[in-house]
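Presented below is the structure to which this report refers.
The values are calculated or read from the model by the stated rules, or taken from the named source; none is laboratory data. None of these values were measured; they are calculated from a predicted model. FYI the Cβ positions are ideal-geometry reconstructions off the backbone, even for glycines, and counts take in every protein chain you see. Areas reflect the complete protein model, heavy atoms only, side chains present, ligands, DNA and RNA absent. Shrake-Rupley method; radii C 1.70, N 1.55, O 1.52, S 1.80 Å.
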Amino acid sequence: MSPGHYLALSAILFTIGAVGVLVRRNAIVVFMCVELMLNATNLAFVSFSRMHGNLDGQIIAFFVMVVAAAEVVVGLAIIMTIFRTRRSSSVDDANLLKY
Amino acid sequence: MKAEGIQAVAWLLIALPLAGAAILLLGGKRTDKFGHLLGVTMSLGAFVVGAAMFIQMLGYDAEERRRTVHLWDFISVGSFKVDMGLLVDPLSISFVLLITGVGSLIHIYSIGYMAEDPERRRFFAYLNLFVAAMLLLVLGDNYVTMFLGWEGVGLASYLLIGFWQYKPTAATAAKKAFVVNRVGDFGLLAAIFLMFSTFGTVGFTQILGTGAEHVGVASKLGTGTATAIGLLLLLGACGKSAQLPLQSWLLDAMEGPTPVSALIHAATMVTAGVYLIVRSAPIFEMSDTAQLVVTIVGAATLLAGAIIGCGKDDIKKALAGSTMSQIGYMHLAAGLGKPGYVFAIAHLIAHGFFKAGLFLGAGSVMHGMKDNVNMRFYGALRTVMIFTYVTFGLGYLAIIGFPFLSGWFTKDAIIEAAFNKGGTSGAILGTCALVGAGITAYYMSRVMFMTFFGEKRWEEDVHPHESPMVMVVPLMLLAVGSVFAGGFLILGGFSDFLDPVVGGEKEHFKWITTPGLATLALMVVGVAIAWRQYGARPVPVEAPKGSFVTVAARKDLYGDALNESLLMRPGQWLTRLAVWFDNRGVDGAVNGLAAGVGGTSGRLRRIQTGFVRSYALSMFFGAALVVAALLVVNV
């Protein structure tokens, strides 16, 4: 398989994730879609690393994983707290912070 | 030349009345008991000093009569240097004697006139201040020192015209006098600035030179600059001397107590303009235009004042119109150049006597008539106020130019000088002066007949009586001056006396001249018309409607209306426009900007809906846009 295929897969995964973020209301699902987008970029990084023959992309992929892990920790905590107070995990219900 | 002897202490002239004013004003009620006596003493003291200086001056040769007294350096900034110095010369000493002499008589008269006024002490303080300021004006040896006195006179006149400040009309009249005088002061100030920038000095000695030859820097003036300085000086003179177009304050100034009117009209204030022009003669002589304008202003004012005097039923206002007219004669003479200066000053001094006498006589009449000033309620007063009648009558004969009295000598000299100017302008100016003399005879006879002749038209509870001696004696002295001053000056060599200052061709006095006879004829006509209208038939208590001219004269020839429509209304429009522009224009721009920012941000705020997914969508679009842009740039 040529690296081009990996890039195509990455693009497809990113698009699925992005559409998921935009169209789904459930916070958990939105969250998983965000993870999907992150991992799609990881795939792109690694593919580029392979294509260009240096390790920069792989190193950045590690960074992304670390950031994603931290994000999951904070994000899940926020979602849990919102669910506890509002009995809902819909992102559209949590719209108090506005004009 | 340095002054010696009593002239070296010329500052005493100013210091005495100034000290009187200071003591009376600072001493407050403690000085109530002797305030009037102190005021009179200080004024008389100044007169004695002035007389001593005059006698000393007569001892000098003509070319040594100009003496200066240096007091201290007044202003010294870089090249700008102004001395506080006094100049004693024939011109200033003539004014000193008039101011202190007539001024003192007015002081004495005021003791009786203001006897009932609880504020008499304050009145005398202001009178002293007035005299001191006027003396500083005529004694200063440079334009800045003179300007100090000039402003002092303005202040004192404001205080005295508004002396009864509880009367709104008096307060307004005082304010009007002050404001109108500011316009004139602007002219004088601008003239001083221009002189300083042209000559680099403001001293009389440097600018005007000494002696009759006038070899000061003024003799090197270009015509344009001389015209500019001359016209600005004339504006200043018009303000103080109530000449057209700044005449409007004078008639309202009648709101002050009558001695104030006498002081303003006879000894001080209005004579300042004539002094200024005669003193600055070397400048005016460099510009024919400036001199011509001076004569035109004088001629126009002498006619306007005379016409106004004809229409007034208020005895003081009729006399005020007469003052305007007589000062107009003086300006006319001063504008004629040599030898008009001498006639201007001679008429000024003679006028000082008879106008003071007339005003004080009017005050005496008002004293007896319970302060009623309307002549239509007078009549037949010659029977009850014999002294006032005789003294007023002598002043009246002097002002209309009855032969061999003061006015005959000095006014005829001016009329003749106007005709002697030659050319069309001389004929026109002379005719104006001649006609003015006829009108003078008419309106003064009108005052005389309405007041002292005819039948009684007194109001019911009025019982006229002669005034106390303290008022009558000054009247008598002034009457003596009214009779003899003019002849004494014209025949007694006043032109030789003034020669070192103003110079001029010697003219021998001629007893009979064509203009003199014409004046006499017009005078008789004027008196006859007045007799027919006001002497021979009863005077109605209600003022008749009158012709177009009468109505105009009663309204001061629409001077106030003119000022109102030409200056006041446009001024108000200007302020209204400025306020509108400030509110709408400046404030509008600032407020509009703030409102625009506020409104826009209010709309923009609505984008923050609180829906996370819409934020995400805009982020995606944004990112897509950035990527697209990058691609476009790279390709």
### Summary
Going through (1) over 16 Å from B:I327 (Cβ atoms); (2) in contact with a helix residue (DSSP H, G or I) (Cβ under 9 Å, 6 or more places away or on another chain) one by one, B:I386 fails only at (2)
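Inspect the range A:7-19 for any residue being hydroxyl-bearing (S, T, Y) and not in a helix (DSSP H, G or I) and give the result as yes or no.
Taking the range A:7-19 and keeping what is hydroxyl-bearing (S, T, Y), we get A:10, A:15.
Add one more test, that the residue is not in a helix (DSSP H, G or I), and what stays is none.
Within the range A:7-19, not a single residue is hydroxyl-bearing (S, T, Y) and not in a helix (DSSP H, G or I).
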### Query
Of all residues in the range B:384-407 being open to solvent by 30 Å² or more (accessible area, probe 1.4 Å) and assigned to a helix (DSSP H, G or I), which is nearest to B:G298 (Cα to Cα)?
B:L397
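For every residue, the table says whether it meets (1) modelled with pLDDT of 90 or more; (2) in a helix (DSSP H, G or I); (3) open to solvent by 10 Å² or more (accessible area, probe 1.4 Å).
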| site | (1), (2), (3) |
| --- | --- |
| B:R30 | no, yes, yes |
| B:K33 | no, no, yes |
| B:G45 | yes, yes, yes |
| B:W72 | no, no, yes |
### Query
Of the residues that make up the range A:54-77, is at least one polar (S, T, N, Q), in a loop (DSSP other than H, G, I, E, B) and away from every other protein chain (no Cβ under 14 Å)?
yes
### Query
Of the residues B:G559, B:G546, B:G622, which is modelled with pLDDT of 85 or more and surrounded by 10 or more Cβ atoms within 10 Å (Cβ to Cβ)?
B:G622
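Among the residues of the range A:85-99, what is the count of those that are within 7 Å of chain B (Cβ to nearest Cβ) and loosely packed, with under 13 Cβ neighbours inside 10 Å?
First pass over the range A:85-99, keeping only residues within 7 Å of chain B (Cβ to nearest Cβ): A:91-92, A:95-99.
Filter once more, so that each one left must be loosely packed, with under 13 Cβ neighbours inside 10 Å: A:96-99.
The qualifying residues number 4.
Looking at B:V260, B:V270, which one is under 11 Å from the mean Cα position of the chain (by Cα) and open to solvent by less than 10 Å² (accessible area, probe 1.4 Å)?
None of the other options fit; the residue is B:V270.
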### Task
Determine which member of the set A:A27, A:A44 is open to solvent by less than 70 Å² (accessible area, probe 1.4 Å), in contact with a strand residue (DSSP E or B) (Cβ under 8 Å, 6 or more places away or on another chain), of a type in the set (A, V, I, L, M, F, W, C) and within 14 Å of chain B (Cβ to nearest Cβ).
A:A27
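When you scan the range B:113-224 for helices (runs of 4 or more DSSP H) that lie fully inside it, which ones turn up with 1 or more residues that are under 28 Å from B:I283 (Cα atoms), under 20 Å from the mean Cα position of the chain (by Cα) and not charged (D, E, K, R)? Break it down stepwise before answering.
Numbers: elements: B:120-139, B:143-161, B:168-199, B:204-208.
Ranges flagged: B:120-139, B:143-161, B:168-199.
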### Task
Can you tell me which residue among B:A344, B:A356, B:A362, B:A299 is surrounded by 23 or more Cβ atoms within 10 Å (Cβ to Cβ), under 17 Å from the mean Cα position of the chain (by Cα) and more than 30 Å from B:A228 (Cα to Cα)?
B:A356
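Here are some residues: B:R554, B:R584, B:R569, B:R606. Which one is among the basic types (K, R) and more than 60 Å from the chain's Cα centre (by Cα)?
Numbers: B:R554 fails: more than 60 Å from the chain's Cα centre (by Cα); B:R584 fails: more than 60 Å from the chain's Cα centre (by Cα); B:R569 fails: more than 60 Å from the chain's Cα centre (by Cα).
Among B:R554, B:R584, B:R569, B:R606, only B:R606 is among the basic types (K, R) and more than 60 Å from the chain's Cα centre (by Cα).
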#### Entry: Selection from the range B:585-635 of residues that are among the basic types (K, R) and either within 29 Å of A:S89 (Cα to Cα) or more than 14 Å from chain A (Cβ to nearest Cβ) (or both)
B:R605, B:R606, B:R613
### Query
Does B:G526 satisfy the condition of being in contact (Cβ under 8 Å) with a residue 40 or more places away in the chain, part of a helix (DSSP H, G or I) and either under 35 Å from the mean Cα position of the chain (by Cα) or more than 14 Å from chain A (Cβ to nearest Cβ) (or both)?
yes
### Check on B:L244, in contact (Cβ under 8 Å) with a residue 40 or more places away in the chain and open to solvent by 10 Å² or more (accessible area, probe 1.4 Å)
yes
